[in-house]
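Values in this text are rule-based calculations from the coordinates and carry no lab data. Predicted model, so just to flag it, every value in this text is computed and none were measured. Glycine also receives a Cβ, built like all others from the backbone with ideal geometry; neighbour counts cover every protein chain displayed.
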Amino acid sequence: MYPLNYIEPVFRPPSEWKSLILQVTNGCSWNKCTFCDMYSSENKKFKPKKIDLIEQEIISIAQSGLPTGRVFLADGDAMMLPFKRLKEILALIKLHLPQVSRVSSYCLPRNLGNKTVEQLTELRELGLKLMYIGCESGDNEVLALIEKGETYQSSLLALNKIKRAGMKSSVMILNGLGGPELSHQHAVNSAKLMNEAQPDFLSTLVVSFPLGEERFAEKFTQTSLKAFRQLTQQELFSEMAVLLSELDLEKTIFRSDHASNYLVLKGVLGKDKARLVNTVQMAIGKSTAIPIRQEWQRGL
Ligand SMILES: C[S@@+](CC[C@H](N)C(=O)[O-])C[C@H]1O[C@@H](n2cnc3c(N)ncnc32)[C@H](O)[C@@H]1O
Ligand code: SF4
């Protein structure tokens with residue numbers, strides 16, 4: 001365990017399980033997405049952490065002698081910090097933890113609006129090599145409904161900026177986000193966004209509501225859409241089949257193995273597209289050859 005005083009809860013991408021989680025802000029600066037309760041508790045109000053405190057923590061890690069190969073900057077969107085502050089943090093990591101080979105962070109597309117490609121390149125050269133972007137959807141109607149505050153175009157701009165700076169991108173898309181009515185356009189436009197952006201990594205999660213779906217469903221009632229309902233397992237598989245069929249990726253590592261998924265899918269797209277589509281089709285056909293997670297095995 002790293003000797004740090006976290007303001008809990010702390011979230012990180014599943015692939016960062018071995019990394020040092022360095023909390024450089026508390027909470028999320030946006031905190032409005034209607035599906036997300038991750039930073040909604042009283043103690044998680046957004047606040048950047050003071051640089052002196054961050055430095056003390058980095059020094060205490062260095063002194064602990066614990067192996068630290070990778071660092072993840074928490075919380076919800078550390079990339080909202082100004083360029084100068086991010087540079088300071090990365091320089092401190094380089095100074096005290098010179099063995100660190102990769103720093104990563106969650107990133108909202110709008111976090112990059114005030115940062116140039118040259119600045120991002122400088123951050124990458126200081127070790128910040130991977131951005132996790134919760135695009136959630138490529139469909140503007142869905143994005144408006146979930147109050148992401150982003151659009152197809154703003155997401156694409158950010159993903160292109162990341163690429164031009166030589167950083168890697170890992171995108172999250174949420175299955176089930178548009179309910180049954182918007183399922184098809186959600187899948188088609190999410191695939192379209194990914195095809196234009198060609199991210200390095202793509203993962204899909206199933207939208208889940210551990211604290212209840214009222215807040216999320218309320219937005220649907222303010223439109224001419226039918227009331228929201230969660231997709232059934234079969235509908236989720238059908239949405240996944242549309243997404244995968246529409247994806248035209250060259251070399252993206254695809255993962256649909258987060259605990260929220262019923263069906264575990266992994267591969268490299270496009271190489272493994274036919275195999276993955278076939279697996280989903282078999283799951284739709286209720287083939288017993290395809291293992292499906294039970295409800296109790298799922299989580300967020
Ligand atoms: C901790 S959030 C931080 C992401 C970052 N703020 C962003 O928006 O890009 C990480 C991801 O968890 C996923 N997530 C959050 N709430 C969820 C929910 N209720 N169900 C499923 N996935 C959820 C979303 O894909 C989100 O982008
Ligand atoms: S999904 Fe990301 S931007 Fe939206 S509220 Fe959650 S942490 Fe904030």
| Leu249 vs. criteria touching a helix residue (DSSP H, G or I) at 6+ places or on another chain (Cβ under 7 Å) and outside any helix (DSSP H, G or I) | yes
| request: Considering only region 14-49, state which residues are surrounded by fewer than 18 Cβ atoms within 10 Å (Cβ to Cβ), more than 11 Å from ligand 2 (Cβ to nearest atom) and part of a loop (DSSP other than H, G, I, E, B). | output: Trp17, Lys18, Ser41, Lys45
| message | For region 269-291: of the residues being farther than 25 Å from Ser170 by Cα and in contact (Cβ under 8 Å) with a residue 24 or more places away in the chain, which is surrounded by the most Cβ atoms within 10 Å (Cβ to Cβ)? | response | Ala283
| query | Within region 224-237, can one find any residue that is assigned to a helix (DSSP H, G or I), of a type in the set (S, T, N, Q), more than 18 Å from Ser203 (Cβ to Cβ) and free of Cβ contacts under 8 Å to residues at least 40 places away in the same chain? | reply | no
| request: Enumerate the pairs (first residue in region 147-168 and at positive phi and of a type in the set (Gly, Ala, Ser); second residue anywhere and in a helix (DSSP H, G or I) and away from ligand 2 (no atom under 13 Å from the Cβ)) with beta-carbon separation below 6 Å, excluding pairs fewer than 6 apart on the same chain, so at least 6 apart or on different chains. | output: Gly166/Arg124
| task | Those residues that are buried (at least 16 other Cβ atoms within 10 Å of the Cβ), over 19 Å from Lys286 (Cβ atoms) and out of contact with any helix residue (DSSP H, G or I) (no Cβ under 8 Å at 6 or more places or on another chain), I need them from region 216-246; list them, please. | result | Phe216, Ala217
| Of all the residues that make up region 59-78, how many are touching a Cys at 6+ places or on another chain (Cβ under 9 Å) and under 18 Å from Lys94 (Cβ atoms)? | 1
| field | Looking only at region 84-110, and only at residues there that are out of contact with any Phe, Trp or Tyr (no Cβ under 9 Å at 6 or more places or on another chain) and closer than 24 Å to Lys45 by Cβ, the one that is nearest to ligand 1 (Cβ to nearest atom) | value | Pro109
| task | Kindly provide the set of residues from region 110-132 that are within 15 Å of the chain's Cα centre (by Cα) and crowded, with 24+ Cβ neighbours inside 10 Å, ordered by number. | result | Met131
| field | Cross-chain or 6+ apart pairs with Cβ under 6 Å, region 22-43 first and under 19 Å from Val142 (Cβ atoms), then of a type in the set (D, E, K, R) | value | Lys32/Glu147; Cys33/Glu147; Cys33/Lys148; Thr34/Glu147; Thr34/Arg215; Thr34/Lys219
| said: Please verify whether Asp52 is within 16 Å of ligand 1 (Cβ to nearest atom) and either of a type in the set (D, E, K, R) or over 25 Å from the mean Cα position of the chain (by Cα) (or both), treating the condition exactly as stated. | reply: no
| request: With the condition kept exactly as written, say whether any residue in region 203-220 is more than 13 Å from Leu177 (Cα to Cα) and of a type in the set (Val, Ile, Thr). | output: no
| Which number in (1) touching a residue at least 40 places away in the same chain (Cβ under 8 Å); (2) more than 16 Å from ligand 1 (Cβ to nearest atom) marks the one condition that Phe11 misses? | (2)
| query | Can you tell me which residues in region 170-190 are over 16 Å from the mean Cα position of the chain (by Cα), surrounded by 24 or more Cβ atoms within 10 Å (Cβ to Cβ) and not aliphatic (A, V, I, L, M)? | reply | Gly178, His186
| field | Answer from Tyr152, Tyr132 - the residue that is closer than 22 Å to Leu231 by Cβ, within 16 Å of ligand 1 (Cβ to nearest atom) and of a type in the set (Ser, Thr, Tyr) | value | Tyr152
| message | Suppose the filter is touching a Leu at 6+ places or on another chain (Cβ under 8 Å) and assigned to a helix (DSSP H, G or I); does Met240 pass it? | response | yes
| Unique match (being in contact with a strand residue (DSSP E or B) (Cβ under 8 Å, 6 or more places away or on another chain), away from ligand 2 (no atom under 16 Å from the Cβ) and more than 30 Å from Val206 (Cβ to Cβ)) among Ile59, Ile54 | Ile54
